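Okay, so here's the structure we're looking at.
The values are calculated or read from the model by the stated rules, or taken from the named source; none is laboratory data. Small disclaimer: the values here were computed from a predicted structure and weren't measured. Here the Cβ positions follow ideal geometry from the backbone for every residue, glycine too, while neighbour counts run over all protein chains shown.
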Amino acid sequence: MVKCASHLVIGMKGVFKLATQNTNSFSVQKMIQEKKKKKSAGGITEKIMPYILFLTAAVSVLTTIGIVLTLIFETFLFFDAVSIKEFFTGKVWYPFSETNGSFGILPLIMGTLKVTVIAAIVAVPIGLASAIYLSEYATDRARRIIKPILEVLAGIPTIVYGFFALTFVTPILRDIIPSLEIFNALSPGIVIGIMITPMIASLSEDAMTSVPNAMREGALALGATKFEVAIKVVLPAAISGIVASIVLGISRAIGETMIVAVAGGSTPNLEWNITGSIQTMTAYIVQVSQGDVGYGTTIYYSIYAVGMTLFVFTLVMNLLAQYITRRFREEY
Amino acid sequence: MNLINHDTVVKRMKPRLSKNSISKWIFFALTMFVLLILGILLYRIFSQGFGYLDLQFLQSLPSRKPENAGVYAALIGTIWLMAVVAPVSLLLGVGTAIYLEEYAKENALTNFIKVNISNLAGVPSIVFGLLGLTVFVRALAFGTSVLAAGLTMSLLVLPVIIVAAQEAIRAVPNQLREASFGLGATKWQTIVRIVLPAAIPGILTGGILALSRAIGETAPLVVLGMPLFLAFLPKTFLDSITVLPLQIYNWTGRPQVEFHALAAAGIIVLLFMLIVMNSIAVLIRNKFQKRY
Amino acid sequence: METSTAAANIVNTEEKQIVYKTSDLDLWYGDNQALKKINLDIMENEVTAIIGPSGCGKSTYIKTLNRMIELVPGVRTSGEILYRGKNILDKSYQVEELRTKVGMVFQKPNPFPKSIYENVAYGPKIHGIRDKKILDQIVEKSLRGAAIWDEVKDRLTQNAYGLSGGQQQRLCIARCLAIEPDVILMDEPTSALDPISTLKVEELVQELKKDFSIIIVTHNMQQAARISKKTAFFLNGEVIEFSETNKIFSTPADKRTEDYITGRFG
Ligand SMILES: Nc1ncnc2c1ncn2[C@@H]1O[C@H](COP(=O)(O)OP(=O)(O)O)[C@@H](O)[C@H]1O
Ligand SMILES: [Mg+2]
């Protein structure tokens, strides 16, 4: 003890109270300093970790760059064989021809458009109704039961929805509409609508629940009914979140693949009718990928040109959704 | 003079109130409609597929004869796929989240990375298939292998894991970091010993949800050219595989009703796996909720 | 107990040295200057209290003493703080080393979500001490030092979040003692505690000053009067007065100090 007490420098005071417990006193600070000297290498991890972590973060950026470059390069190769003008304005998509196919993408876009519009017609009202019900009417208990079920619905793999469309929804629709073909736009459209409903419902509900209660109470106190509050106060206040959720849902519908690949058919056409077989952009890519199309053929490159078009469509929708949320963010 | 005549207000109140109660029932009914669809979907699939669901189905390779066919190859393939996706996507995702939450300065580059991640989450899965086809299958010559499929899927689910891990890391209170720094811990020590252990439940939950997304994805694998029908098991990561969704897709595409029943049975197996994984995620979430 | 008092007595007979010498310290959060020309000499082995109204820069100053302030982006400083003769604001001064010598106890108890044992062993472990026997000793010694040993000795493996707020704060003190710091910084350590826990922590501080130099921020003037030897009064980022505690509280030299102490503002 005396020895320790005579040193009055840092680290030597670590003997506090120890002597009462243990006779073999030691200084933790001293041990720490010794360990420090031994492994100054520990500093290396400290220095390189940020860079390693940055590299992992860079992967997501590289993925985007990879997607864009891949699509651009292969699309250029496609445009060696097919003119840009034909691709964007041609009215016939008939690639699998012996001599030379027609690559006008409009029929594929038409297929995607029909399915998407049907999906939106199904999903927007139901999704919004659910959102209003959940945020304005439902009891806590109902909400606790319904929301997880919606999550389940959102987590079901799309191939399952495709199977459901083909083996259940289509037969029922064919009973109602006899002219409906086995492969058609209506059935996958409806099912895609069901698929994106939970997404629209839950994002819209988030937007509505973040409307402060004071706004509701203000209207209720004036004698407004709940319905009037929901429609005239909450909906307008949450409108940007709601619109963004719809745009995101539509973007999902545009990119949806398996449901249309299974139930939509493979007949690209420019007709407005929804009872006949169609082909969407995504379904075309699947059709080609499944077949034995030679690497480097025009058809092979065509899936990239179609993929590029699809990518641009969805990117625009996603950016639009982000813009809406940011530009019209409600300030309560 | 009264500007408001209370009698007329009361008179007009009636239609307003009935509109209110009618609309309430409409909102409720539409919500129930969604749940009803889920019920019908599950009922249909179970009644169609249950008959085929037995041990033989789980243990058999696919076959041209419906009564001999099974999902064994697809199950094994799914496990192999997970063996690639789980480590790759977790390492990349958690690494990115740590970088963004703990190291990145607030600047244009960081902002760009964040915007990029949220945009990546909105890219259709089939486009990831095109990326994988060019980069992994062709350029790196992995062919239609577990490796190519796994890497493609990892990139696909990366945004999900990043966002979940970011939230989990952000939820770790700053006081804990301060306490650790205050004891002379370095940044990396603090991250490894304090932040990550506290964030692990959130990260695991997100990871499991991302994996269950990967298990159910079909389109990118079709684009990669993965076989829909495979009668052998992989031995290395460069071997080809088929997975459950592909097998289901294959069976769905056949005209015979027996194959549709097989598809339904396959879907039951797939849904069962997803339910198990999601339950684990929910359990983890509940067990570790609100610890600080 | 006796031995340590004996040791402390010997310490007291020696001439005291300055642990922290702050000269012309300025500090800005972005454009907002939070500390202005601070000059303070803090002596070893005594309790120095820092008082002042909320927002006057007490936390900022105490966090500068172990450079914890660097965690806030956009902080700039000028002037110097000599710790045992070396300028810690010098970028070449390794912060981790500084923080192993200068412990900190925070306003809100912030134990790690780990066991009681792991909380205390954390510091020694990150500094490379892995020997289980030594760790056991350190843990016991530190918990005893923080006067919480008897309360937790039977549940060392249980999560620290099961402890009461006051116990958690003493655990945090034990965690800080485990690396045997030279100085302990305390930023309103009792403001989140009930009166009884506060009293326990105060007693503990009295005990600890025999072995450590303690700098404590408090908004509670009675507390400052009870436990500190010297007191610094901060106002709007400046040190208005710094002297013996009993002098500050009986005959303050500055009118503003008097106004604050007598409760005319704050
Ligand atoms: N992280 C920060 N960023 C910007 N300004 C801060 C920050 N923390 C404190 N300040 C400002 O610095 C001044 C001093 O704050 P602080 O040191 O916390 O005061 P005290 O602890 O005495 O209440 C206050 O005016 C406060 O607004
Ligand atoms: Mg403070």
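Brief remarks follow.
- Residue match in the stretch A:92-105 (condition: in a helix (DSSP H, G or I) and buried (at least 16 other Cβ atoms within 10 Å of the Cβ)): no
- Filter result (within 13 Å of ligand 1 (Cβ to nearest atom) and either within 14 Å of chain A (Cβ to nearest Cβ) or in contact (Cβ under 8 Å) with a residue 40 or more places away in the chain (or both)) within the stretch C:66-76: C:Ile69, C:Val72, C:Gly74, C:Val75, C:Arg76
- In the stretch A:135-168, residue nearest to the other protein chains (Cβ to nearest Cβ) [restricted to those that are over 30 Å from B:Ala261 (Cβ atoms), more than 22 Å from the chain's Cα centre (by Cα) and not small (Gly, Ala, Ser)]: A:Tyr137
- Exactly one residue among A:Ala165, A:Ala138 is without any contact (Cβ under 8 Å) to a residue 12 or more places away in the chain and crowded, with 17+ Cβ neighbours inside 10 Å, and that residue is A:Ala138.
- Restricting C:Leu89, C:Leu35 to residues that are within 13 Å of ligand 1 (Cβ to nearest atom), at pLDDT 90 or above and within 19 Å of the chain's Cα centre (by Cα) narrows the list to C:Leu35.
- Residue in the stretch B:194-204 that is surrounded by 22 or more Cβ atoms within 10 Å (Cβ to Cβ), more than 20 Å from A:Pro50 (Cβ to Cβ) and either modelled with pLDDT of 95 or more or of a type outside the set (A, V, I, L, M) (or both) present: yes
- Within the stretch A:132-153, the set of residues being under 17 Å from A:Ala207 (Cβ atoms) and in a helix (DSSP H, G or I) comprises A:Ile132, A:Tyr133, A:Leu134, A:Ser135, A:Glu136, A:Tyr137, A:Arg143, A:Lys147, A:Leu150.
- Among (1) closer than 30 Å to B:Pro66 by Cβ; (2) touching a residue at least 24 places away in the same chain (Cβ under 8 Å); (3) surrounded by 23 or more Cβ atoms within 10 Å (Cβ to Cβ) - the single one B:Ala231 does not satisfy: (3)
For every residue, the table says whether it meets (1) farther than 13 Å from C:Leu235 by Cα; (2) within 14 Å of chain A (Cβ to nearest Cβ); (3) within 16 Å of ligand 2 (Cβ to nearest atom); (4) of a type outside the set (Phe, Trp, Tyr).
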site	(1), (2), (3), (4)
C:Lys16	yes, yes, no, yes
C:Ser23	yes, no, no, yes
C:Gly30	yes, no, no, yes
C:Lys36	no, no, no, yes
C:Ile42	yes, no, no, yes
C:Ser54	no, no, yes, yes
C:Thr64	yes, no, yes, yes
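- Flag if C:Ile196 is under 30 Å from C:Asn32 (Cβ atoms) and either free of Cβ contacts under 8 Å to residues at least 12 places away in the same chain or outside any loop (DSSP other than H, G, I, E, B) (or both): no
- Test result for A:Ala129, in a helix (DSSP H, G or I) and more than 7 Å from chain B (Cβ to nearest Cβ): no
- Being away from ligand 2 (no atom under 16 Å from the Cβ), within 13 Å of another protein chain (Cβ to nearest Cβ) and not aliphatic (A, V, I, L, M) is a description that applies to C:Gly162.
- Hits in the stretch A:300-319 (condition: at the interface with chain B (Cβ under 9 Å from one of its Cβ atoms) and either outside any helix (DSSP H, G or I) or among the β-branched types (Val, Ile, Thr) (or both)): A:Ile303, A:Thr314
- If only residues of the stretch C:199-241 that are in a loop (DSSP other than H, G, I, E, B), out of contact with any Cys (no Cβ under 8 Å at 6 or more places or on another chain) and not aromatic (Phe, Trp, Tyr) are counted, the one that is nearest to ligand 1 (Cβ to nearest atom) is C:His219.
Rundown of residues vs (1) of a type outside the set (A, V, I, L, M, F, W, C); (2) buried (at least 23 other Cβ atoms within 10 Å of the Cβ), yes/no style:
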residue	(1), (2)
A:Ser240	yes, no
A:Ala253	no, yes
A:Glu256	yes, yes
A:Ile259	no, yes
A:Val262	no, yes
A:Glu271	yes, no
A:Ile274	no, no
A:Gln279	yes, yes
